[in-house]
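All remarks here apply to the structure that follows.
Bear in mind that the values in this text are calculations on the coordinates, not laboratory data. Being a predicted model, the structure only gives us computed values, none of them experimental. Every residue, glycine among them, receives a Cβ derived from its backbone with ideal geometry; neighbour counts consider all protein chains shown.
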Amino acid sequence: MTGRPTNWAGNITFEAARLHRPGSVPELQELVAASDRVRPLGTGHSFNRIADTTGDLVSVADLPPVVEIDTDRAQVTVSAGLRYGEFAAQLHEAGFALHNLGSLPHISVAGAVATATHGSGLTNGNLATAVSALELVTADGELRTLTRQDDGFPGAVVGLGALGVVTRLTLDLVPTFEISQYVHDNLPWHRIASDQEELLGAGYSVSLFTDWTGPRINQVWVKRRTDAGDGWRPEPGWLDATLAETPRHPVPGMSAVHCTEQLGVPGPWHARLPHFRLEFTPSSGEELQSEYFVARHHLVEALAALADIADRIAAVLQISEIRTVAADELWLSPAYRRDSAALHFTWIADTEAVLPVLAAIEERLAPYDARPHWGKLFGVPPEVVRGRYDRYADFVALAGRYDPSGRFRNDLLDTYFRAGR
């Protein structure tokens, strides 16, 4: 390996002895069977060492691309390394859609699913909730397929790479739909408390962006289905906010040219649900990210707790996003069995400056049992994280059955999922 690869943000330099890009599943099987330690790598959009290893780092990006649409079952089977934006248009052309997408269409399916990455919407589960089957290479090099009917499936989907290297996933589809996207500026903070249901339920997907300065939310992005049938029209003074008359970027001062189309122009789901266009490929990653999930009924209290340190947050922040995620049954999902609000932070690229602020955030969110996003920066102690997942012990046992020798383990998994604890 010439030089050491880094993640997208550049804050992680992988310690792997070797980086592999197998071109076939049999090649991947041989590699896994011959390795002492191995970890899968998607598009590298994680901000911690969840993908790292001291052994073999395996990218699934070169596995043969697969997009198999089953119109009778309303499902699609895709290869693990595909990015959502690479097959979404094909689904749309066939009359189908995924129920939601993340803010970036550039992330790989397997990586997003394994870490419970999500979009937004009161009734929309994270991206992993669409998975009905997955194919993976296990520690002995065997190829296995798991479906919803199999024991342990809810633990395997958001699996953090601990059970094997995923090669394909089957996703549930819905009929295709169109979205119109509107942005409202300068929403008074108090509206989150006084009008939470109207605010967060204003569209199929709603995002609130704030820089944690002043008495107002910078922007509210409302993505509405054009087939809602309720005759809704955007109000210029809705909830004392101002309807934007030109396109916006979430980060103050940045050009909106890379953002998905706004101003109410209808477009297919895959061209509106993400915040950013596929044509814009994030290249430098001059940022760090963290995210914490609290039960949605604790949102106002959690925000009030963070308001005490708003100045500290703002000093190292690019932008913060508030979204909602529906409850699910996936064991390691941060939205497991509770409708959630996700508090996302995009930081400046200065780890030393950010970490003390993370500690202060985690201290203030502790009373609300905040669950961190598995693929982003966090410092919540292992014993605390374990207490926030009811099926923690079941996942440890499941991972032990699939990988008894610890082939897929790394420092992060050893820290947070130590057997017998």
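Counting only C-alpha contacts under 8 Å and six or more residues apart, can you give the relative contact order of region 67-176 as a whole percent?
Details: 200 pairs, mean separation 37.5, N = 110.
The normalised contact order for region 67-176 reaches 34 percent.
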Completion exercise
Here, Ala256 and Arg21, labelled 7 Å along Cα→Cβ, have an inter-label distance in nm of 3.7 nm
Completion exercise
Output row, site Ala314, 7 Å Cα→C-beta label point, backbone N cut-off 12 Å, window region 236-261, residues none
Handout entry: Ratio Rg/Rh, restricted to region 67-176 and using Cα atoms, in which Rh is the Kirkwood radius
Key = 0.95
Exercise for the section: Take the alpha carbon atoms of region 174-321, find their radius of gyration, then divide it by 2.2 N^0.38 Å using N residues; give the quotient. Expected result: 1.07
Problem - Per-pair calculated FRET efficiency, R0 = 22 Å: Arg144 and Ala34 via Cβ, rounded to 0.05 - result: 0.75
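Evaluate the charge dipole of region 255-323 about its Cα centre and quote only its size in Debye, nearest 20, assuming +1 on the Cβ of each Lys and Arg and -1 on the Cβ of each Asp and Glu.
Details: 5 positive and 9 negative charges, 51 e Å.
My answer is approximately 240 debye.
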Completion exercise
Of the candidate values [x] 0.95; [y] 1.37; [z] 1.03, the one computed for Rg/Rh (Cα atoms, Kirkwood Rh) from this structure is [x]
Problem - Rounded FRET efficiency, nearest 0.05, which uses the C-beta distance separating Asp227 from Asp411 and R0 of 51 Å - result: 0.60
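Given the rule -39500 (n - 2.57) for each run of at least 4 DSSP H residues, summed and divided by the residues of the chain, what is its mean residue ellipticity at 222 nm, to the nearest 500 deg cm²/dmol?
After summing the helix terms and dividing by the residues of the chain, the value is -5500 deg cm²/dmol.
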Problem - Within region 221-376: Cβ-based charge dipole about Cα centre, in debye rounded to nearest 20 (Lys, Arg +1; Asp, Glu -1) - result: 420 debye
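What size of dipole, in debye to the nearest 20, comes out for the chain about its Cα centre when the only charges are +1 on Lys and Arg C-beta atoms and -1 on Asp and Glu C-beta atoms?
Values: 36 positive and 52 negative charges, 79 e Å.
The calculation lands at about 380 debye.
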Exercise for the section: Counting other Cβ atoms within 10 Å, keep those with at most 16, restrict to DSSP loop, and tell me which GluC sites (Glu not before Pro) in region 72-148 are left. Expected result: Glu142
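Hand me the GluC sites (Glu not before Pro) from region 195-298 located in a DSSP loop with no more than 13 other Cβ atoms within 10 Å, in residue order please.
Those satisfying the criteria are Glu245, Glu279, Glu286.
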Practice task
Give the distance, in whole Å, between the Cα centre of region 133-177 and the Cα centre of region 243-273.
Solution key: 34 Å
Handout entry: Net lengthening on full extension, Asp339/Asp72 (0.36 nm per residue, minus Cα-Cα)
Key = 93.0 nm
Problem - DSSP-loop trypsin sites (Lys or Arg not before Pro) across region 160-235, with at most 11 other Cβ within 10 angstrom - result: none
Problem - Relative contact order (%) - criterion: Cα under 8 Å, at least six apart; region: the chain - result: 18 percent
